[in-house]
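To start, the structure under review is shown below, and the notes come after it.
Bear in mind that the values in this text are calculations on the coordinates, not laboratory data. Just so we're clear, the structure is a prediction, and the values are computed from it rather than from any experiment. Glycine also receives a Cβ, built like all others from the backbone with ideal geometry; neighbour counts cover every protein chain displayed.
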Amino acid sequence: MQFTFQAPGNIVFGRDTARRLPELVAARGRAPLVVTGADKGRHQARLEALRQAGLDVTVQAVAGEPSVAMAVEGARLARAAGCDVVVGLGGGAALDTAKAVAALATNTGDVFDYLEVVGAGHPLAVPPLPLLAVPTTAGTGAEATANAVLSVPERRVKVSLRSPLMLPAVALVDPLLSASMPPAVTAATGLDALTQLLEAFVSNQANPMTDALCREGLLRAARALPAAYADGADLAAREDMALASLLGGLALANAKLGAVHGFAAPLGGLLSAPHGRICASLLPFVTAANIRALRERDPGSPSLAAYAAAAALCTGQAQASPEDGAAWLDSLCRELAAPSLATLGLTAADIPLVVANAARASSMRGNPVVLTPGELTDILTGALG
Ligand SMILES: NC(=O)c1ccc[n+]([C@@H]2O[C@H](COP(=O)([O-])OP(=O)(O)OC[C@H]3O[C@@H](n4cnc5c(N)ncnc54)[C@H](O)[C@@H]3O)[C@@H](O)[C@H]2O)c1
């Protein structure tokens, strides 16, 4: 057995740990660029605390999914303001923008030199600015990963800027920051976390360390996601989801993902829909297709055993089969009002292009079984609704 395991330099987790942000930033720089979501009001108290600590704060507020243009603009802002540290404070969109900004602030070549799939994919030439990642959703685990997913509108696709150097210096995860999420955002981001834990657990690149993280995360997410959706003030459920999301990020950064995220890359470039909602629409269909394909073509696969173990963790039934797990996921997605791809704007005419682009996506390489173009088409047709 051989594996490597990469993680942020420091993980700070727990209720009310966000109050430590000024101290953690000041240990790394004096002039932070803080990338927030569009609603700056939600972050006012933390921005004020940074200023009161004597830090020279510049703010970049970003709306919607992160794009190459946002990252280039943030890097320009960081250089112009003399920033020496970057903070991502918000959902995965703010975190990914911050990660890309930190990388491009010091790597001044054309962004396409570094992008995967649509660019040259060159390694970063110099280390990024130090990055502190402070999630306010419980879903992406982007605080623990080495990539930023950026949309490239002219190519209608989302691709990663990726480097081990992009791992945050600090992941500061305060579950209280996620308590203000409304049910729809709780559902979309939480189903993304659950997807990541499941895809990393059944991935063809899973290892004992990522398995341990995924087991713990699946157990917590399975019980906490319905509870946090039903009652956003349930802080124990918020805490479990924040931890599940972090564990998912740590796992995916080291074990890859699978077909849900393989589809999410081209779909994210095609539809103006939140990433979590796209993942939620696909999860039951990809899970059922993977289990069927494994039973037909690779019945001894460890991934099939992993699907059974995940089913046992999620349903609480020790003897649960992979199919029982798929049925549990399907019912959870209904309970959380997961959308169909049609409601997110996909049409049947888009399916051939999405299938072709998904087959090239980096996440597809972690899927436990190679799905045929026919199977990929059937998944999208089912998820279309
Ligand atoms: N780098 C990675 O490893 C990785 C992994 C998975 C997903 N992603 C990326 O993350 C992005 C999605 O992130 P997300 O799911 O967190 O969504 P998001 O960042 O788009 O946030 C969703 C919505 O919730 C709002 N919001 C955030 N925190 C809130 C809070 N506490 N209370 C109320 N509203 C809040 C945001 O303003 C936004 O409107 C996608 O761009 C996806 O590609 C990255």
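Averaging the Cα positions of each part gives two centres, and for region 184-217 and region 26-64 these lie 30 Å apart.
Estimated from the Cβ-Cβ distance and a Förster radius of 22 angstrom, the FRET efficiency linking residue 4 and residue 126 is about 0.50. Note on region 128-169 and region 289-350: Cα centroid distance 27 Å, given to the nearest whole angstrom. Residue farthest toward the positive end of the dipole of region 69-207, with Cβ of Lys/Arg at +1 and Asp/Glu at -1: which of 114, 136, 184? Selected residue: 114.
Where the alpha-carbon atoms of the chain are placed on the principal axes, they occupy 61, 44, 43 Å, in descending order.
When 314, 214 are ordered from fewest to most other Cβ atoms inside 10 Å of their Cβ, what list results?
Values: 314 22, 214 31.
Arranged by neighbour count, lowest to highest, 314, 214 become 314, 214.
Here the Gaussian network model covers the chain, with springs between Cα atoms less than 10 Å apart; of 167, 50, 197, 50 fluctuates the most. Average projection, convex hull of the Cα set of region 10-177: 8.5 square nanometres. Which shape class applies to region 219-322: rounded if a/c is under 1.5, otherwise prolate when a/b exceeds b/c and oblate if not, where a ≥ b ≥ c are the square roots of the Cα gyration tensor eigenvalues? Verdict is oblate for region 219-322.
Between 32, 135, 22, the GNM of the chain built on Cα springs shorter than 10 angstrom shows 22 fluctuating the most.
Remark: region 10-177 carries a charge dipole of roughly 200 debye about the Cα centre, counting +1 on each Lys and Arg Cβ and -1 on each Asp and Glu Cβ. Using only alpha-carbon positions in region 105-158, the gyration tensor eigenvalues give semi-axes of 22, 17, 9 Å once each is multiplied by 5 and square-rooted (largest first). With the helix formula -39500 (n - 2.57) applied to DSSP H stretches of n ≥ 4, the chain reaches a computed 222 nm mean residue ellipticity of -16500 deg cm²/dmol.
Here is what passes the span test in the chain: the DSSP H helices with alpha carbon length of 30 Å or more along the helix axis and a Kyte-Doolittle mean of -0.5 or above are 208-230, 275-297.
Dipole of the chain computed with +1 at Lys/Arg Cβ and -1 at Asp/Glu Cβ about the Cα centre; of 233, 337, 58, farthest Cα towards the positive end is 58.
If you rank 122, 275 by fewest surrounding Cβ atoms within 10 Å, what's the result?
Numbers: 122 14, 275 25.
With the sparsest Cβ surroundings first, the list reads 122, 275.
Could you work out the equivalent-ellipsoid semi-axes for region 107-247, taking the square root of 5 times each eigenvalue of the Cα gyration tensor, largest first, in whole Å? Intermediate values should be presented prior to the final figure.
Values: eigenvalues 173, 56, 45 Å².
In descending order, the three semi-axes are 29, 17, 15 Å.
With neighbours defined as other Cβ atoms within 10 Å of a residue's Cβ, the residues 315, 343, 97 order from fewest to most as 343, 315, 97.
So in the chain, what percent of DSSP beta bridges are antiparallel if you round to the nearest 5? In the chain, DSSP labels about 20 percent of beta bridges as antiparallel.
From the P(r) of region 282-385, could you give the percentage of C-alpha pairs in the tail past 20 Å? Working shown, then result.
On the way: 2333 of 5356 pairs.
Cα-Cα pairs in region 282-385 separated by more than 20 Å: 44 percent.
Given the C-alpha atoms of region 181-384, compute the convex hull and give its volume per residue in Å³. Provide the component values of the computation, followed by the final result.
Details: hull volume 20.5 nm³, N = 204.
So the per-residue Cα hull volume is 100 Å³.
Taken about its Cα centre, region 181-384 carries a charge dipole of about 320 debye when Lys and Arg each add +1 at the Cβ and Asp and Glu each add -1 at the Cβ.
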